[in-house]
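To keep things clear, I will list the structure first and then write my remarks on it.
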Amino acid sequence: MSFHPESLVAELTEKARLLRLEVVKMIHRAGSGHPGGSLSAAEIIAALYFHQLRLDPAHPDWPERDRFLLSKGHAAPLLYAALAHRGFFPREELATLRRIGSRLQGHPDRLKTPGVEMTAGVLGHGLSIGVGLALAARLNHAPYRTYVLLGDGEIQAGVIWEGAMAAAKYGLDHLTAILDYNGVQLDGPVHEIMPLEPAMDKWRAFNWHVIEIDGHNMGQVLDALGEATHIHARPTIIVAHTVKGKGVSFMENQSKWHGRAPSDEELRIALAELEGRNS
């Protein structure tokens, strides 16, 4: 049961669907990209950008803005869709994904794209950068909160756990990590490549506050983000169980859709499913 109004949950759920539509269209036009991990995180990004984050699209560098770091930078199409719908740049620019001269690189670049806080590419560094931003907020007596979206394949990297230790050491309660736990990475199922379980116990052992949710249940996403703001003296991680390629049946739970663009026919089917039409 969510503590948020049904109208808000419905509005943000619809926003997640629209972001998914943008993602598949963008990647199809570009002829390359990463649909699977973009589609799995749509509810999380919708809840952040259209409810949780304190932002001013007219002033992307507003000092008191909340910081969001896309550590799993290959999900850039989803981030760009949210930024465009939030008003950071024109939606028409989404059609330029991965083109020469475009501000919308294959992975986010904070020096090129309004609203991007961290240049991403090599996985694993987002959490430690988030620790740095959270420490800066404390030192500067700034009110902003920092959010970091992690991939499950990504947290197989040791640098993630260095960041987790540092966040706990300094009691960074204004830092929230969100794990997009879709169970599939580039080469196959996570549990076959490098198992993460018991994932929740690992984060608890690092002295993080752990919240486990269905990452496609908007009410649960909103409640978890709200709960994180009331935790004191330690950081929070929201472990969001999701489905790789969520919303497009032939992409769901398929590692081949980690980084592949749909064909014209595959796009037609995907759009029909996301729009609720018969394909």
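For segment 120-143, the candidate set comprises residues that are crowded, with 19+ Cβ neighbours inside 10 Å and not small (Gly, Ala, Ser); within that set, the residue that is farthest from Ala167 (Cα to Cα) is Leu123.
If I go through segment 20-74 residue by residue, how many of them are among the small types (Gly, Ala, Ser), part of a helix (DSSP H, G or I) and over 13 Å from the mean Cα position of the chain (by Cα)?
1
Selection over segment 103-151 of residues that are closer than 21 Å to Asp56 by Cα, of a type in the set (Ser, Thr, Tyr) and not in a loop (DSSP other than H, G, I, E, B) gives a count of 2. Among the residues making up segment 159-190, those that are out of contact with any His (no Cβ under 8 Å at 6 or more places or on another chain) and at pLDDT below 95 are Asp187, Gly188, Pro189, Val190.
Per the listing Ile178, Ile155, the residue uniquely of a type outside the set (Ser, Thr, Tyr), part of a strand (DSSP E or B) and either crowded, with 16+ Cβ neighbours inside 10 Å or on the phi > 0 side of the Ramachandran plot (or both) is Ile178. For Glu162, the conditions (1) assigned to a helix (DSSP H, G or I); (2) under 16 Å from Leu69 (Cα atoms) all hold with the exception of (2).
Residues in segment 181-221 that are polar (S, T, N, Q), in contact (Cβ under 8 Å) with a residue 60 or more places away in the chain and either surrounded by fewer than 18 Cβ atoms within 10 Å (Cβ to Cβ) or in a helix (DSSP H, G or I) (or both): how many? So the count comes out to 2. Screening Arg145 with (1) under 18 Å from His74 (Cα atoms); (2) in contact with a strand residue (DSSP E or B) (Cβ under 8 Å, 6 or more places away or on another chain); (3) touching a residue at least 40 places away in the same chain (Cβ under 8 Å); (4) not small (Gly, Ala, Ser) gives one miss only, at (1). Within segment 244-254, being surrounded by fewer than 18 Cβ atoms within 10 Å (Cβ to Cβ) and either charged (D, E, K, R) or touching a helix residue (DSSP H, G or I) at 6+ places or on another chain (Cβ under 8 Å) (or both) holds for Ser249, Phe250, Glu252, Gln254.
Selection of segment 54-77 for residues being in contact (Cβ under 8 Å) with a residue 40 or more places away in the chain and in contact with a Lys or Arg (Cβ under 8 Å, 6 or more places away or on another chain) yields Arg54, Leu55, Pro57, Glu64, Arg65, Asp66, Arg67.
The values are calculated or read from the model by the stated rules, or taken from the named source; none is laboratory data. If you're wondering where the values come from, they're calculated on a predicted model, not measured in any experiment. Because the Cβ atoms are built from the backbone with ideal geometry, glycine has one as well, and the counts that use them run over all protein chains shown.
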